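Derivation of every value follows stated rules applied to the coordinates shown; laboratory data play no part. Remember, it's a predicted structure, so these values are computed and weren't measured experimentally. Quick reminder, even Gly has a Cβ in these numbers, built from the backbone with ideal geometry, and neighbours come from all protein chains shown.
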Amino acid sequence: MSQVFVFCEFSNGKLKKGSTELLSAAKTAGKKITALVIGPGAKDIASQTGEYGASTCFVCDDEKLKSYHPLAFAQIASQTIKDSGCNIFLATASMMAKDLFPRVAAQLETGIASDCTDLSFSGDDLIIKKPLYAGKCKAQVQFNNSPVKMVLMRPNQLPVNTPVAGASVEMKILSTPDFDSRMTVKEVSVGNSDKVDLTEANIIVSGGRGMKEAQNFDLLNQLADTLGATVGASRAVADAGWVPHSMQVGQTGKTVAPSLYIACGISGAIQHLAGMSGSKVIVAINTDKDAPIFSKATYGVVGDLFDVVPKLTEEFKAALN
């Protein structure tokens, strides 16, 4: 039986959704799963990896690793993967992972496929696909002469199993290696939003230039609060300074795949479509009936968002209460 190694990320004491997706996929395929968790609080996360199918969890729980250090994380990950003897490695295609694991792949002299959207197991092998040319097509990826098949998956692409409460997992403690960080983290600026990160959100309400000004994003925040959603934006809006760039969806922003994506006042430039076309259901609200966003929309509303969005908010409040 092939062994699958999963790098697990966590936040606020919980596994991130992308990590639970990968653990669930490997468990459903009947694979032996080894997990790796790095950072302060990692010991508390180990039991959660067991609930989603891991039999062994390596943890490096050190306050010195509170901030991401590329050299330290790469040293820990590469050595642990090598010692585990695994032939399949999975991680979420997060900003950190996309910086970290090409380094690890180079150290292990193995291949890596990033930003993948399709994953399935075929015996001891993998069947994976990733989008190309801004999502216009997909390529099936094959590994040649790779001792470890390393795959970084976009979040919200795979189903999550129901965790098995109390499932046992063998926890193995790793020591923090000596490393020359070549960098010093002076400060980490963390947003104060209590909403789920865009890449893992199940529902996203996004605004574009049709919002007219920054203050009008309050309309979207009200709708998002009603739905338990996260608010996103187009690049034009982020570049104008109406919202932080962390809210930008698109080819040069965050790539998302929620169950529901509501685009308000977004025309649908190809760069934006590339970042959200993987959404399961897309609702577009725009006064221009010829806006490109309608070509991707599951449902389209030709109308003024300042009339439509408040009415949607009221209808959802009535339906959900």
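Dipole orientation for the chain: of the candidates Gly253, Asn286, Met150, Met150 has the Cα lying most toward the positive pole (charges on Cβ; Lys, Arg +1; Asp, Glu -1).
Under the simplified labelling scheme, the Gln142-Asp115 pair shows an inter-label distance of 2.3 nm, with each label point 7 Å from Cα along Cα→Cβ.
Could you give log10 I(q)/I(0) at q = 0.18, 0.20, 0.22, 0.23 Å⁻¹ for the stretch 95-190, computed by the Debye formula over C-alpha point scatterers of equal weight, without solvent? For the requested q values the scattering log ratios are -1.12, -1.18, -1.23, -1.25.
Using a 10 Å cut-off around each Cβ, can you sort His272, His245, His69 from fewest to most neighbouring Cβ atoms? Present the calculation step by step, with values, prior to reporting the outcome.
Details: His272 28, His245 14, His69 20.
Least to most surrounded, the residues fall as His245, His69, His272.
Which value, in debye to the nearest 20, describes the size of the charge dipole of the stretch 198-320 about its Cα centre when Lys and Arg Cβ atoms bear +1, Asp and Glu Cβ atoms bear -1, and nothing else is charged?
Values: 9 positive and 11 negative charges, 65 e Å.
Here the size comes out at about 300 debye.
Among rounded, prolate and oblate, which fits the stretch 149-219 when a ≥ b ≥ c are the square roots of the eigenvalues of its C-alpha gyration tensor, a/c under 1.5 means rounded, and a/b larger than b/c means prolate? Present the calculation step by step, with values, prior to reporting the outcome.
Working: a/c = 2.53, a/b = 1.42, b/c = 1.78.
Oblate.
In the chain, Cα pairs under 8 Å separated by at least six residues give a relative contact order of 14 percent. Hydrodynamic estimate: the Kirkwood radius of the chain over Cα pairs, inserted into Stokes-Einstein at 25 °C and 0.890 mPa s, corresponds to D of 117 µm²/s.
About the Cα centre of the stretch 77-127, what is the dipole size in debye to 20, counting +1 per Lys and Arg Cβ and -1 per Asp and Glu Cβ, all else neutral?
Details: 3 positive and 7 negative charges, 41 e Å.
Approximately 200 debye in magnitude.
In this structure, the residue pairs whose Cα-Cα separation is over 20 Å, taken from Lys82/Lys254; Lys32/Lys129; Lys14/Lys66, are Lys82/Lys254; Lys32/Lys129.
Over the chain, what is the percentage of antiparallel beta bridges among all DSSP beta bridges, to the nearest 5? Don't skip to the answer; put the middle values down first.
Values: 12 of 57 bridges.
If I count the DSSP bridges inside the chain, around 20 percent turn out antiparallel.
Loop-located trypsin sites (Lys or Arg not before Pro) across the stretch 265-321 with a Cβ neighbour count of 16 or fewer within 10 Å are Lys280, Lys289, with loop assigned by DSSP. Among the chymotrypsin sites (Phe, Trp or Tyr not before Pro) within the stretch 176-266, those in coil by DSSP and having at most 15 neighbouring Cβ atoms inside 10 Å are Phe179. Normalised by 2.2 N^0.38 Å, where N counts its residues, the alpha-carbon radius of gyration of the stretch 198-320 equals 0.93.
With charges set only on the Cβ (+1 for Lys and Arg, -1 for Asp and Glu), what does the dipole of the chain come to about its Cα centre, in debye to the nearest 20? Intermediate values should be presented prior to the final figure.
On the way: 31 positive and 31 negative charges, 127 e Å.
In total the dipole reaches around 600 debye.
Taking other C-beta atoms within 10 angstrom as a stand-in for reagent exposure, Val302, Val185, Val104, Val141 fall in the order Val185, Val302, Val141, Val104, fewest first.
For the stretch 211-283, evaluate the Debye formula with one uniform point scatterer on each Cα (no solvent term) and list log10 I(q)/I(0) at q = 0.14 Å⁻¹, rounded to two decimals. One equal scatterer on each Cα of the stretch 211-283 leads to -0.39.
Dimensions of the stretch 258-321 from C-alpha coordinates, computed as largest minus smallest value along each principal axis and given longest first, are 36, 24, 14 Å.
Restricting the trypsin sites (Lys or Arg not before Pro) of the stretch 38-109 to loop positions (DSSP other than H, G, I, E, B) with no more than 13 neighbouring Cβ atoms within 10 Å leaves Lys66. With all pairs of separate Cα atoms included, the stretch 1-64 yields a Kirkwood hydrodynamic radius of 11.4 Å. The stretch 60-138 and the stretch 12-44 have Cα centres separated by 13 Å. Once the convex hull of all Cα atoms in the stretch 3-173 is built, its volume per residue stands at 110 Å³.
Our summary of shape: the Cα atoms of the stretch 25-109 have principal axis extents of 33, 31, 24 Å, ordered from largest down, in whole angstrom.
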